[in-house]
Amino acid sequence: MVETSSRPKERNGLIYVIAGKEDSLVNARCQELLEGLLEPSQRATGLFSVNAAEVCACDILDELRTAPFLTERRVVVVKGADKFISENRQLLERYFDSPCATGILVLTVSNWDARTKLARKLPKVGKLIIVSQPGPWQLPARLSRYARDAHDKNLTKEAVELLIELTGDDLLRLYGEIDKLALFAHTAKVITAGHVELLIGHNRLFNAFTVIDAIADGNAAQAVDRLRRMFADEKSAEYMVVGAFAFHFRRMFNAKVLLEEGANTFEVVRRLGIRSNREGFFAQLRKMSLKQIGDILQRLAGIDYAIKTGRTKPQVAVEQLVLKLVASADIR
């Protein structure tokens, strides 16, 4: 898996192959590579970028052999090059044997077969960069590194966990949220869960809270109406609504455990960082048992898995859950 930083400095190699199934991640990694190869002022004369379907191999070789102007080397990027490589394999093999010293070739592909002659020749003249979506267990370290490298800021453990819960596990979307958080935190060197909740989660968490209130009152029509408005008001809600509900119920679960262990409400507020609508939070908490909250969290985990595997749509799944909760009185 490729290590991603805000501005990698790539200076070695004449040929780079960036391989990955997700176009958005591959393109983002290609852009990072270019930032390390060329200064912004050099791109007008030093960069040629094209989709593979729009060019022939002769044009690419001509561009690589064109003398660079106002730059040390000329960078030629061929995107979506799987078919391009298959159709021009022998020509590329000869080029890999003797690449132009003043040209850098970047190929982006969905798959790179390590058994081919090209793959065996590549390490001698360049580098293979494999791009893939990190696993859930790898996200916290990746996000913390990005915040530090891109913005010189630290993310607290609680901030990372809340960010992932509210935003989902798409790496580029998470990077975008960190970019916004860095501006929001301004001069603060540490991005906290408070920053995440205020900037990203405030409206989302409030809307989820009002849906839960309607469920607790047994008002199915109001709960569904509020849920539908939640989806309508925010384009990204479909990726994040399950996380907003899970955040609420997980906090309620932890609060219930603390109360049953003998903690008072002030201690619960302090330890769980409950910053708003505290009376409403404890009112909801009184209407549910620990087992009921745990069951709801299990259902949300099942919905999250079903959404990620394409078995259901977010709005349909959450709306069905809301109706089941009202009908079964699980939350009253």
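Between Arg204, Arg250, which is surrounded by 13 or more Cβ atoms within 10 Å (Cβ to Cβ), closer than 22 Å to Glu161 by Cα, at pLDDT 85 or above and within 23 Å of the chain's Cα centre (by Cα)?
Going through Arg204, Arg250 in turn, the sole match is Arg250.
Which helices (runs of 4 or more DSSP H) sit wholly inside region 103-194 and have at least 1 residues that are under 26 Å from Lys308 (Cα atoms), outside the structural domain of Arg89 (by TED's automatic domain parsing) and among the β-branched types (Val, Ile, Thr)?
Result: 157-167, 171-185.
State whether one or more residues within region 43-50 are under 16 Å from Ile15 (Cα atoms), of a type in the set (Ser, Thr, Tyr), out of contact with any Pro (no Cβ under 9 Å at 6 or more places or on another chain) and assigned by TED's automatic domain parsing to the domain that holds Ser110.
For region 43-50, residues under 16 Å from Ile15 (Cα atoms), of a type in the set (Ser, Thr, Tyr), out of contact with any Pro (no Cβ under 9 Å at 6 or more places or on another chain) and assigned by TED's automatic domain parsing to the domain that holds Ser110: present.
I'm told Arg311 meets every condition in (1) modelled with pLDDT of 85 or more; (2) closer than 23 Å to Glu158 by Cα except one. Can you identify the failing condition by its number?
Only one criterion is unmet by Arg311, namely (2).
If we scan region 92-100, do we find a residue that is at negative phi, polar (S, T, N, Q), at pLDDT 90 or above and within 25 Å of the chain's Cα centre (by Cα)?
No.
I'd like to verify a number: residues in region 140-163 that are touching a residue at least 24 places away in the same chain (Cβ under 8 Å), buried (at least 19 other Cβ atoms within 10 Å of the Cβ) and hydrophobic (A, V, I, L, M, F, W, C), how many?
The total comes to 6.
Filter region 45-79 down to the residues that are of a type outside the set (A, V, I, L, M) and in contact (Cβ under 8 Å) with a residue 40 or more places away in the chain, then identify the one that is nearest to Ala19 (Cα to Cα).
So the residue we want is Lys79.
Looking only at residues in region 38-52 that are in contact with a helix residue (DSSP H, G or I) (Cβ under 8 Å, 6 or more places away or on another chain) and modelled with pLDDT under 90, which one is surrounded by the most Cβ atoms within 10 Å (Cβ to Cβ)?
Leu38
On the given criteria, is Ile212 out of contact with any strand residue (DSSP E or B) (no Cβ under 6 Å at 6 or more places or on another chain) and in the same structural domain as Tyr305 (by TED's automatic domain parsing)?
yes
The values are calculated or read from the model by the stated rules, or taken from the named source; none is laboratory data. For clarity, every value in this text was computed on a predicted model and none was experimentally measured. Counting neighbours? That spans all protein chains shown, and the Cβs are built from the backbone with ideal geometry, glycine included.
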